[in-house]
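Everything on this sheet refers to the single structure shown next.
The values are calculated or read from the model by the stated rules, or taken from the named source; none is laboratory data. No experiment lies behind these values; they were computed from the predicted model shown. Cβ placement follows ideal geometry from the backbone for every residue including glycine, while neighbour counts extend to all protein chains displayed.
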């Protein structure tokens with residue numbers, strides 16, 4: 001799979017719909033077959049929500065290619081380090097993606 | 001694996017430490033080898049946090065036996081239905097669990 005066919009979405013503080021539109025753009029207009037979705041801390045719920053939303057609303061054949069949870073050490077503005085739980089979900093569009 | 005060796009923790013609104021103590025109780029005093037951790041909606045982050053906390057603080061050999069995300073339809077007090085993203089994580093204690 002070429003680099004172009006796998007994309008990455010980093011979930012942050014924006015509303016769920018922003019990320020849903022990015023994913024649809026990637027799948028339907030940028031020829032992506034797989035999307036890696038990453039999130040940390042309280043954004044983990046939104047990452048899971050995004051996958052379920054895409055599956056229930058648009059891509060009936062969407063499959064979970066890979067699913068991982070792990071810890072990431074990050075340092076904040078003041079330089080102090082903290083460990084955050086993280087998730088990485090790789091989804092595959094499946095064959096018959098709808099024309100949106 | 002007998003019923004007794006696999007336990008279930010449902011993540012709700014209580015603090016993370018409550019669930020950590022339940023897990024330690026199950027692993028160390030109730031002879032559990034595996035624990036299934038389930039959560040819905042905004043509690044999904046706490047479920048992932050719990051697994052990472054147990055692995056980083058107590059059970060270095062903790063392994064992820066299974067990891068699933070799905071949607072659940074629930075009805076609230078007024079009877080209206082809504083779909084919530086859910087996660088189910090099955091962890092295995094691993095061989096050398098510490099004596100706490």
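Would you check if residue B:56 is free of Cβ contacts under 8 Å to residues at least 24 places away in the same chain, within 11 Å of chain A (Cβ to nearest Cβ), surrounded by fewer than 16 Cβ atoms within 10 Å (Cβ to Cβ) and within 28 Å of residue A:73 (Cβ to Cβ)? So residue B:56 passes the test.
In region B:6-15, the count of residues that are touching a strand residue (DSSP E or B) at 6+ places or on another chain (Cβ under 8 Å) and over 22 Å from residue B:72 (Cβ atoms) is zero. Is it the case that region B:92-99 has a residue that's out of contact with any helix residue (DSSP H, G or I) (no Cβ under 8 Å at 6 or more places or on another chain), exposed (fewer than 12 other Cβ atoms within 10 Å of the Cβ) and not in a loop (DSSP other than H, G, I, E, B)? No - not one qualifying residue is present in region B:92-99.
Exactly one condition in (1) modelled with pLDDT of 95 or more; (2) farther than 18 Å from residue A:44 by Cα is not met by residue B:48; state its number. Of the numbered conditions (1) modelled with pLDDT of 95 or more; (2) farther than 18 Å from residue A:44 by Cα, the odd one out for residue B:48 is (2). For the criterion of being loosely packed, with under 13 Cβ neighbours inside 10 Å and part of a helix (DSSP H, G or I), residue A:21 passes. Checked across region A:35-44, the condition of being within 14 Å of chain B (Cβ to nearest Cβ), on the phi > 0 side of the Ramachandran plot and not in a loop (DSSP other than H, G, I, E, B) holds for at least one residue.
For first residues located in region B:61-81 and within 11 Å of chain A (Cβ to nearest Cβ), partners that are surrounded by 12 or more Cβ atoms within 10 Å (Cβ to Cβ) and modelled with pLDDT under 90 and lie 6+ apart or on another chain with Cβ distances below 8 Å form the pairs B:71/B:83; B:72/B:83; B:73/B:83.
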